[in-house]
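Remarks on the structure that follows.
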Amino acid sequence: MAILALDEVRSHCRLEPGYPAEQLTPYIDAAQGYVVAHLNRAVFEDQKALTDAQDALAETLGEAYEAYVAAADAAALVENPAQRQAMMDLADKRFADVQLLAKRTMNGIVVDGTIRAAMLLTLGNLFANREADVVGVSVAALPTGVPELLRSYRMVQMP
């Protein structure tokens, strides 16, 4: 998922055009990942990408279910109860992960200015505050505004 472009990030952080991409990529990934995790839904660059991902859900879930059944069948053949349970737990976990991803994709959203701004705010904060210790400076925690920007977009999943 490459929603933020490298040139956009360099400009946002007020960096020279030749600033090394490999030094910015972890911040880009972290900012995008944070926002997507906070939203609890998949984020797509455009409507076509969202529609394509949603259209692939039935096949993805079908394949995941077939893999789950195969894993359950294999576990049933194992005599050792601890090993059998571990195999079933792993099968359950893998199937649950696919189901969660499917739910997030089904409720996916196309990136807009607000989501992009939240990603850039997060990235700017990560980049500007990349050192754990600050010497000789008075420090106060300031709100980033990111949760407030994303509040209306966030999917809250209840157990």
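Please treat every number below as a calculation from the coordinates, not as lab data. Values in this document were obtained by computation on a predicted structure and should not be read as measured data. Reconstructed Cβ throughout: ideal geometry from the backbone, glycine too, with neighbour counts over all protein chains shown.
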Mind listing the phi-derived Karplus ³J(HN,Hα) values for region 109-114, rounded to whole Hz, using 6.51, -1.76 and 1.60 with θ = phi - 60°, and x for any glycine or proline? 9, 8, 4, 10, x, 5
With a Cα-only, solvent-free Debye model of region 53-107, what are the log10 I(q)/I(0) values at q = 0.12 Å⁻¹? -0.32
For helix 81-106, what angle does its Cα long axis make with the longest principal axis of the chain, in degrees from 0 to 90 and rounded to 10? 50 degrees
Please work out how much length the chain gains when fully extended from Glu63 to Cys13, using 0.36 nm per residue of separation minus the C-alpha to C-alpha distance, in nm with one decimal. 13.7 nm
The correct pair for the chain, radius of gyration to one decimal and Dmax as a whole number, both in Å and from Cα atoms, is 20.7, 65
How high is the FRET efficiency from Lys48 to Asn129, r the C-beta distance, R0 41 Å, rounded to 0.05? 0.70
